[in-house]
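Working notes for the structure below.
Read-outs throughout are calculated quantities, based only on the coordinates presented, and are distinct from any laboratory measurement. The model shown is predicted, which means the values in this text are computed figures rather than measured ones. Every residue, glycine among them, receives a Cβ derived from its backbone with ideal geometry; neighbour counts consider all protein chains shown.
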Amino acid sequence: MKEVDVILKHLPDRETVKELIYQVGFLKNLLNFAKSNKIMMRICSLALIGIMSLGVSIAAAGITLGLKVNYAGAFIATIKNSGVFDTAREIAVNHIESSDAESVIESPSFSMTLTVSNRLDSAVAVADAIIQNTGDVVEAAALTVNGERVACAEAELINSLVEARRTAFDISGAQNSSDFTDEVKTVTGYFLKSEISDSNELVSVIDSLDVKTVSVLTSDTEIPFSKETVKTSKQLIGYSKITTAGQNGITRKTENIEAINGEIVTRSELESVVVKEPVTQVTTVGTAISTASAAQRSEERSAGFICPLKRGSFVITSYYGDGRNHKGIDLGADKGTSIYAAASGTVIFSGYDGDYGYSVVIDHGNGYKTRYAHASALCVKKGQTVNQGDVVAYVGSTGYSTGNHLHFEIIKNGSRVNPVSYIGLD
Ligand SMILES: [Zn+2]
């Protein structure tokens, strides 16, 4: 076996040589067989030397014998020897996230080939090819909770569902930070198709994860404005006007809210600031029964009118003005109370006059007229001359009236003026 020894010295490594030895084994057998026949031995020796010489020259040029690997119906690699495939299988099994990975790796078939040494595939490359070509293996992700795998699916699907669950309890408008109470991770890798979770199961697993949400929420609450009334003697009784409009203030509150699955566990106020003070609403009301000057009131008192109802028979129920543009004075009295002419003059109206009801108007000359309204009965006729103190009508509640009273007006040069001073009720 001198020739083989010579070859061994020239070949690059033991594994390749083993393969070679295996392949040339049949030649050795042939040689042994040929020993019995001298002629055959001669022929075979020559043939063997020829083949060995060829092997030496092949090895010298970097050309070597290899194995083509056919896996799951496809050519996947050229490897030095079957041991490379075994290593690759081990790597692939370790790469597949399943305890059952071994069972899905199919058996390869090899075929001898000549190749250039540096074209041989590594075990890692073969492992990758095994994974890619194994029909039962898919690239996916495992969802782990506290390190324990609970589901398996497409990574993108898991991530989107997990993210949706994590942020499900975020408070709109708040600064939220949310996280799972357990350690939730997505681990990508290769999995067996049989391990991929049903989508309903995946959703239910993810929806059962507890989420702690911490939200910093800023909210505004209104501070209702208060009201105050300011009296003024410069306006008639009944005058009422909002002189400063009320405005609600704003309190801005910042709270820290901690919740588990949306159920608030703690709620604490971080800050409360009045960002807008309320503005008090001011209503100005009149207290005056007349806005006339003292001199003018004195002059009106001496204009020669008397009160149309006897003192003690009435109460003043409404002054002139009175916030409703009241153009007379109302003297509440019993029905039938006598109404006297405030001054002498001529009756220019006596009858029913719309809102005034039964009423009398007397012209006193010198630009003054007086009106007596809502009467229950009238005692004078149009055109009749009356003296101061004559009974012209009786108190009633006719026309636009809600109770027995005399609505009394003094009309000066066509305008209804405040009668209060004229008839000494100021
Ligand atoms: Zn009135």
Fill in: Two-site label geometry, residue 172 and residue 156: point separation in nm, points 7 Å out along Cα→Cβ
2.9
Practice prompt. Rank the residues 244, 402, 213 as a footprinting-exposure proxy: fewest other Cβ atoms within 10 Å of their Cβ go first.
Written response: 402, 244, 213
Discussion item. Per DSSP helix of 4 or more residues, -39500 (n - 2.57); summed, then divided by the residues of the chain. What does that give at 222 nm, rounded to the nearest 500?
Written reply: -8000 deg cm²/dmol
Worksheet item: Which number comes out as Rg/Rh for the chain once both Rg and the Kirkwood Rh are worked out on C-alpha atoms?
Response: 1.73
Item to complete: Report, in debye and to the nearest 20, how large the dipole of the chain comes out about its Cα centre when Lys and Arg carry +1 and Asp and Glu carry -1 on their Cβ.
Response: 1900
Worksheet, complete the sentence: Bridge orientation stat for the chain from DSSP, antiparallel percent rounded to 5, came to 90
Fill in: Formal net charge of residues neighbouring residue 375 (Cβ-Cβ distance under 11 Å; K, R +1; D, E -1)
+1
Worksheet item: Along the charge dipole of the chain, which of 273, 64, 337 sits closest to the positive end, that is, farthest toward it, with unit charges on the beta carbon of Lys, Arg, Asp and Glu (+1, +1, -1, -1)?
Response: 337
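Counting other Cβ atoms within 10 Å of each Cβ, which chymotrypsin sites (Phe, Trp or Tyr not before Pro) in region 365-418 have at most 14 and sit in a DSSP loop?
400
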Discussion item. Residues of region 165-180 with the amide nitrogen closer than 20 Å to a label point 7 Å from the Cα of residue 203, along Cα-to-Cβ, please.
Written reply: 165-170
Practice prompt. Scan the chain and note any complete DSSP helix (H) whose C-alpha atoms cover at least 18 Å along its axis and whose Kyte-Doolittle average is 1.6 or more.
Written response: 38-60
Response to the item:
Listing 390, 100 by rising number of other beta-carbon atoms within 10 angstrom, fewest first, gives 100, 390
Practice prompt. Once you've got the GNM for the chain with C-alpha springs shorter than 10 Å, pick whichever of 121, 136, 355 has the biggest mean-square fluctuation.
Written response: 355
Worksheet item: Got a sec? Which residues in region 330-365 would a label at residue 299 touch, if it sits 7 Å along Cα→Cβ and we count backbone N under 19 Å?
Response: 365
Discussion item. As a quick test, which of the pairs 310/381; 227/327; 327/381; 241/310 have an alpha carbon distance above 28 angstrom in this structure?
Written reply: 227/327; 241/310
Practice prompt. Excluding residue 410 itself, calculate the net charge of residues whose Cβ lies under 15 Å from the Cβ of residue 410, where each Lys or Arg counts +1 and each Asp or Glu counts -1.
Written response: +1
Item to complete: Grab the Cα-Cα distance for residue 282 and residue 164, subtract it from 0.36 nm times how many residues apart they are, and report the gain in nm with one decimal.
Response: 37.2 nm
Worksheet item: Taking the Cα centre of region 140-209 as the origin, how large is its charge dipole in debye, to the nearest 20, when only Lys and Arg (+1) and Asp and Glu (-1) carry charge on their Cβ atoms?
Response: 80
Item to complete: Grab the other residues whose beta carbon is less than 13 angstrom from that of residue 420, score K and R as +1, D and E as -1, and report the net.
Response: -1
Item to complete: List 239, 356 from most exposed to least, where exposure is judged by having the fewest other Cβ atoms within 10 Å.
Response: 239, 356
Worksheet item: Based on the Cβ-Cβ distance from residue 275 to residue 182, what FRET efficiency comes out when R0 is 45 Å, to the nearest 0.05?
Response: 0.65
Worksheet item: Once amide H atoms are placed 1.01 Å from N in the peptide plane, what residues at a sequence separation of 5 or more from residue 250, or on another chain, have their amide H within under 5 Å of its amide H?
Response: 223, 275, 276, 277
Discussion item. Under a Cβ-only charge scheme (Lys and Arg +1, Asp and Glu -1), can you give me the dipole magnitude of region 315-386 about the Cα centre, in debye to the nearest 20?
Written reply: 160
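If contacts are Cα pairs under 8 angstrom and at least 6 residues apart, what is the relative contact order of the chain in percent? Could you put the intermediate results ahead of the total?
Working: 918 pairs, mean separation 40.1, N = 426.
Relative CO of the chain lands at 9 percent.
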